[in-house]
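A short write-up of the structure that comes next.
Just so it is clear, none of the values below were taken in a lab; they were calculated from the coordinates. All of these numbers come straight from a predicted model, not from anything done at the bench. Every residue, glycine as well, gets a Cβ built from its backbone with ideal geometry; the counts of neighbours run over all protein chains shown.
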Amino acid sequence: MVLPVLVLVAWVGSNAYLGRLSSIPTPFVQEMPDTDSIQRLLVIAPHCDDEVLATGGLIREVLQRGGQVQIVIVTNGDGSFSGTIAEFRKLYPSANDYIHAGSIRQRESLNALAALGVASDDALFLSYPDRGTMRLWEQYWDNSRPYRSPYTKAAQSPYQRTYNPRAVYSGHSLVTDLEAVLRTFDPDTVIAPHPADVHPDHWATGAFTALAIAAQNRTPRPRLLLYLVHRADYPVPRGYVPFAPLLPPARLVNGNTVWGRFTLADESVEQKGVALNAYKSQMPLLGNFLRSFIRQNELFCEPLPQSAPRLSSGQTITPDPSDWQTLDASPVLPVAEDSAHDSTSQELGAGADFVALYAARTETELWISARLRGTSNPLLSYTCLVRAVNGAEVARSRILYPPKLGARPKTEALGPYILARFSLAELGHPHAAVVSFSANYPGGKTIDRIGWVLVNLD
Ligand SMILES: [Zn+2]
């Protein structure tokens, strides 16, 4: 009973709270530096509503001080069963029903963004398949074999409002569209989903964004800020509590990232609430969750740039990075850290639980080593996936452990470490790569993953 009462009190007293939101100190998390200097903000959202949930207040404030904002919405959220069933009162919606639902969600985003001051021409709908972007990233890269949405039955956008109507549903198409947007808009700051968001469209959209930024090969790169929407431990508490600070999950606070809050002006908190009400198809079932993002602050994570150090020639091959010899004799530090005990299957235990990821390069190879909480488990398979960037070229490799005869690249395990070695020539001598390691059941379902993280290889 306590929580509903609190929510009611919060709702009734919201105006009073709104009047003194910014005076309440937020513990643990500092104000994100240099948000005042953002002039050209590009926001990448997996679905229609993430743009406002994550950063509606910042969007409004950048526009208010004369900056420019462009919004990219990757899918139209047309697989959202709750929205569709509420709209059509049908148990088995048809492909056309899903497409109609996606069109409605596009309109809702335009209405919501208008409440924040975004012109409709500044919202770009890429119209890729809802709940399909992970498949594009991992499996459907080439245009020759496009992905087909199980909802709309389409392998290419069926929506009138589509950024690139000729694009087929492939990873190559999506990264190419994102690169085109980056080239045309030339943002100084890009906001995209955090890789630790558990929704596959969210982490995949974040991975695509990192790859597109790296593929541009521009210096300096735009600043990248990451946001969370879906996790069991975020946001806390759930519901409409605008006076409460939005804080990062403790599991995601580590040495590779900087979390910062963006404190909203009171009018921005209020306008964010107005904007969220525009998502009428989502509100009946998800309203409580969506309103959890109306807070005194928005929250971003700034990943530190990561590089793969060069290893000295004649390096002994070992999965343990503490034995790697770098050219400048400095120790190899993780490019990503992952909290222990976060794998979805605790009974498989320490062998399915990643805690750190390392990268280095020799003259001819890229080495990726993952550290588990315990010894690797031969009943599981481990997959190291690398998407390499070399100008416009994007290469992809997948390996399995235990290693199969002749499998490329080569893998080795030692205690809690698993090493995957990729030939740089086979990857096309990339200047950067986006990398991850995952532990999977033999059938392929992922138990835990570390990454995706962008690693510079120059
Ligand atoms: Zn979403």
Taking the number of other C-beta atoms within 10 Å as the exposure measure, put 280, 445, 153 in order starting with the fewest. 445, 153, 280
Whole-Hz Karplus ³J(HN,Hα) for region 92-97, in order, using 6.51 cos²θ - 1.76 cosθ + 1.60 and θ = phi - 60°, x for Gly and Pro? 10, x, 8, 4, 5, 4
Would you mind calculating the relative contact order of the chain from Cα pairs under 8 angstrom and at least 6 residues apart, reporting the percent as a whole number? 14 percent
Rounded to whole angstrom, the alpha-carbon centroid of region 277-317 lies from that of region 182-260 at a distance of 3 Å
Point-to-point label distance, residue 119-residue 304, nm (Cα→Cβ direction, 7 Å offset): 4.1 nm
Once amide H atoms are placed 1.01 Å from N in the peptide plane, what residues at a sequence separation of 5 or more from residue 447, or on another chain, have their amide H within under 5 Å of its amide H? 439, 440, 441
Given backbone amide H placed at 1.01 Å from N, residues whose amide H is under 5 Å from that of residue 39, ignoring those fewer than 5 places away on the same chain, are 188
Less than 15 Å Cβ to Cβ from residue 149, Lys/Arg counted +1 and Asp/Glu -1: what total charge do the surrounding residues give? +2
Quickly estimate the mean residue ellipticity at 222 nm for the chain, helices only: each DSSP H run with n ≥ 4 gives -39500 (n - 2.57), and the total goes over all residues, rounded to 500. -8000 deg cm²/dmol
Whole-Hz Karplus ³J(HN,Hα) for region 135-149, in order, using 6.51 cos²θ - 1.76 cosθ + 1.60 and θ = phi - 60°, x for Gly and Pro? 5, 4, 5, 8, 10, 10, 7, 7, 5, 6, 9, x, 7, 10, 5
What net charge is computed for the residues neighbouring residue 61, neighbours being all others with C-beta under 11 Å from the C-beta of residue 61, Lys and Arg scored +1, Asp and Glu -1? 0
Where labels lie 7 Å past Cα in the beta-carbon direction, separation of residue 412 and residue 265 in nm: 5.9 nm
Give me the net charge of residue 109's neighbourhood, meaning all other residues with Cβ under 12 Å from the Cβ of residue 109; Lys, Arg count +1, Asp, Glu -1. -1
Once R0 is set to 30 Å, what does the formula 1/(1 + (r/R0)^6) return for the Cβ-Cβ distance between residue 111 and residue 91, expressed as a FRET efficiency to the nearest 0.05? 0.60
Taking a cut-off of 32 Å, what percent of all Cα-Cα pairs in the chain are separated by more than that? 40 percent
Amide H to amide H under 5 Å from residue 432: which residues, 5+ apart in sequence or cross-chain, H placed 1.01 Å off N in plane? 389, 457
